[in-house]
Amino acid sequence: MMNEKIATLAENAIGKNREQVGCKGSYAWCAKFVSNILKDAGVNIDTYSCTEMFNTMKSRPSEWSEPDDYPTRGDIIFFDWDRVQEEKPLDHVGIVTKFDYLTKTVTYVNGNGSNSDYVTRQEMSISNQSIAYWLHYIGDNADRYKEIERQLADLKIKIEKIKNILDK
């Protein structure tokens, strides 16, 4: 599943420095880090801007959805630290690796987060007003068709087994 792949790639990057994750330079690199993880997972979004990333994802409703419930593993989470209406309002982005339903805490991996040089894991209450959005990858039609084909193949095997039983 793509969301699991995205989360696992992000977790595997924890502790690596910005150069090791393809973000060499002196810019704010959270969006580029997420872009690189998505690229490694097979999702093409290449940007250095959180707001541009969000707008690109929202413009692809066949690939990305904005859930009504809580974030899940592999979701992309966006933050607006200052909550000021501006041209590029989103200030940070990360990848959700866990949501604790009991404590309502989201755990996420990010570049340029609690350490400006390394990929880190952080936690935040879902009620924190800095959390602006999260988007869930729903894949393209090819992914959905593969799953439907797999389910159909399983059904055909079950039908064949039932036919064999009935023919005896």
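The values are calculated or read from the model by the stated rules, or taken from the named source; none is laboratory data. As the structure is a prediction and not an experimental result, all values here were calculated from the model. Note that each Cβ is placed from the backbone with ideal geometry, even for glycine, and that neighbours are counted across all protein chains shown. Ligands, DNA and RNA are excluded from the accessible area calculation, which covers all protein heavy atoms including side chains. Shrake-Rupley method; radii C 1.70, N 1.55, O 1.52, S 1.80 Å.
Tabulated values for the structure
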item: Top-ranked residue of segment 108-132 - restricted to ones that are buried (at least 17 other Cβ atoms within 10 Å of the Cβ) and not hydrophobic (A, V, I, L, M, F, W, C), ranked as farthest from the chain's Cα centre (by Cα); result: Y118
item: All positions within segment 26-36 that are open to solvent by less than 30 Å² (accessible area, probe 1.4 Å), under 12 Å from D117 (Cα atoms) and either without any contact (Cβ under 8 Å) to a residue 24 or more places away in the chain or in a helix (DSSP H, G or I) (or both); result: C30, F33
item: Within segment 17-39, considering residues that are within 19 Å of the chain's Cα centre (by Cα) and aromatic (F, W, Y), the one farthest from R73 (Cα to Cα); result: W29
item: Selection count where residues are outside any loop (DSSP other than H, G, I, E, B) and either free of Cβ contacts under 8 Å to residues at least 40 places away in the same chain or among the polar types (S, T, N, Q) (or both), scope segment 62-79; result: 1
item: Residue tally, condition farther than 21 Å from S114 by Cα, buried (at least 16 other Cβ atoms within 10 Å of the Cβ) and not charged (D, E, K, R), over segment 1-12; result: 2
item: All positions within segment 80-129 that are charged (D, E, K, R) and part of a strand (DSSP E or B); result: K98, D100, R121, E123
item: Residue match in segment 37-46 (condition: in contact with a helix residue (DSSP H, G or I) (Cβ under 6 Å, 6 or more places away or on another chain), assigned to a loop (DSSP other than H, G, I, E, B) and surrounded by fewer than 16 Cβ atoms within 10 Å (Cβ to Cβ)); result: yes
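Here is a yes/no grid of residues against (1) closer than 20 Å to T120 by Cβ; (2) among the charged types (D, E, K, R); (3) open to solvent by 80 Å² or more (accessible area, probe 1.4 Å):
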{"site": "I14", "(1), (2), (3)": "yes, no, no"}
{"site": "K24", "(1), (2), (3)": "yes, yes, yes"}
{"site": "T56", "(1), (2), (3)": "no, no, no"}
{"site": "P67", "(1), (2), (3)": "no, no, no"}
{"site": "I77", "(1), (2), (3)": "yes, no, no"}
{"site": "R83", "(1), (2), (3)": "no, yes, yes"}
